[in-house]
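Engineer: Take a look at this one; I'll ask things after.
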Amino acid sequence: TPEFGNQAQQIAELYESAGRSTEARDILQQALQRASVLGHSDPARIALLSTLADFWLRDRNALNALRYQEEAVDALDAPPAGPLAGASRPGFYSQRFFANGVFFASSSNDLAFYQRLADLYRQVGRPDELATLLDRLRRTPGKDGLAAWLYDQNGQSSQAVAIYQAQAAHAATDPQ
């Protein structure tokens, strides 16, 4: 059912709040295995991956958290397959964000997913992977604003300024 992922997350939260984090992660892992039949880029699967990353981070295991967060972002970037091909994903809707004086469009969940991944790369000391992520975002159509925001958040203001200037130049020629 569409509620499957959310229900698994709620049950895992109950276990974790009772101090049983290992069992909570096991519940999420089993739910993730069951959700694999939904496809790589299914929103329930993506949410379970991100929740597993959160649970590992709460247990102070940044490397396992990074593994699951990378999987979640890879699935988020993958085109929907099967019945969702060509359609927007349920729960992943487009909206505009305002950051550092500039509006940019992004999925409602993209910002949190990418920010968490960037934070984990910094935390575990992987600047090359962070640079690759930012470069990939910059080259992905429609995600340049997200890249600019993340560049700025990661102390690379000159890269962010270049993207914002390109957006302003494009906006000057767009009657919309």
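The values are calculated or read from the model by the stated rules, or taken from the named source; none is laboratory data. All of these numbers come straight from a predicted model, not from anything done at the bench. With ideal geometry, Cβ positions are generated from the backbone for all residues, glycine too; neighbour counts draw on all protein chains shown. For the accessible areas, the whole protein counts, side chains as well, though only heavy atoms, and no ligand, DNA or RNA atoms are used. Shrake-Rupley method; radii C 1.70, N 1.55, O 1.52, S 1.80 Å.
Engineer: Scan LEU28, LEU32, LEU66 and give me the residue that is part of a helix (DSSP H, G or I), farther than 17 Å from ASN6 by Cα and either in contact with a Leu (Cβ under 7 Å, 6 or more places away or on another chain) or in contact (Cβ under 8 Å) with a residue 60 or more places away in the chain (or both).
Structural biologist: LEU66
Engineer: Still on this structure, I have one more. When you scan the stretch 55-69, do you find a residue that is at pLDDT below 90, open to solvent by 20 Å² or more (accessible area, probe 1.4 Å) and of a type in the set (S, T, N, Q), even just one?
Structural biologist: no
Engineer: Just checking, which of ASP128, ASP135, ASP174 is closer than 30 Å to ARG58 by Cα, acidic (Asp, Glu) and over 18 Å from the mean Cα position of the chain (by Cα)?
Structural biologist: ASP128
Engineer: Okay, moving on. Has the stretch 90-103 got at least one residue that is of a type outside the set (Lys, Arg) and modelled with pLDDT of 75 or more?
Structural biologist: Checked against the condition, which is being of a type outside the set (Lys, Arg) and modelled with pLDDT of 75 or more, the stretch 90-103 yields no hits at all.
Engineer: What pairs come up if the first residue lies in the stretch 36-52 and is over 9 Å from GLY5 (Cβ atoms), the second is of a type in the set (Phe, Trp, Tyr) and part of a helix (DSSP H, G or I), and their beta carbons are under 7 Å apart, counting only those six or more places apart or on different chains?
Structural biologist: So the pair list comes out as LEU49/TYR68; SER50/PHE113; LEU52/TYR68.
Engineer: Can you tell me which condition PRO127 does not meet? The list is (1) without any contact (Cβ under 8 Å) to a residue 12 or more places away in the chain; (2) open to solvent by less than 70 Å² (accessible area, probe 1.4 Å); (3) of a type outside the set (Val, Ile, Thr), and all the others hold.
Structural biologist: Of everything listed in (1) without any contact (Cβ under 8 Å) to a residue 12 or more places away in the chain; (2) open to solvent by less than 70 Å² (accessible area, probe 1.4 Å); (3) of a type outside the set (Val, Ile, Thr), PRO127 misses just condition (2).
Engineer: Okay, moving on. When the stretch 130-159 is examined, which residues are found to be touching a residue at least 24 places away in the same chain (Cβ under 8 Å), assigned to a helix (DSSP H, G or I) and either touching a strand residue (DSSP E or B) at 6+ places or on another chain (Cβ under 9 Å) or open to solvent by 40 Å² or more (accessible area, probe 1.4 Å) (or both)?
Structural biologist: Result: ARG138, ASP144, GLY145, LEU146, ALA148, TRP149, ASP152, GLN153, GLN159.
Engineer: So which residues in the stretch 1-42 are open to solvent by less than 20 Å² (accessible area, probe 1.4 Å) and within 21 Å of the chain's Cα centre (by Cα), if there are any at all?
Structural biologist: Those that are open to solvent by less than 20 Å² (accessible area, probe 1.4 Å) and within 21 Å of the chain's Cα centre (by Cα): GLY5, ALA8, ALA12, LEU28, ALA31, LEU32, ALA35, SER41.
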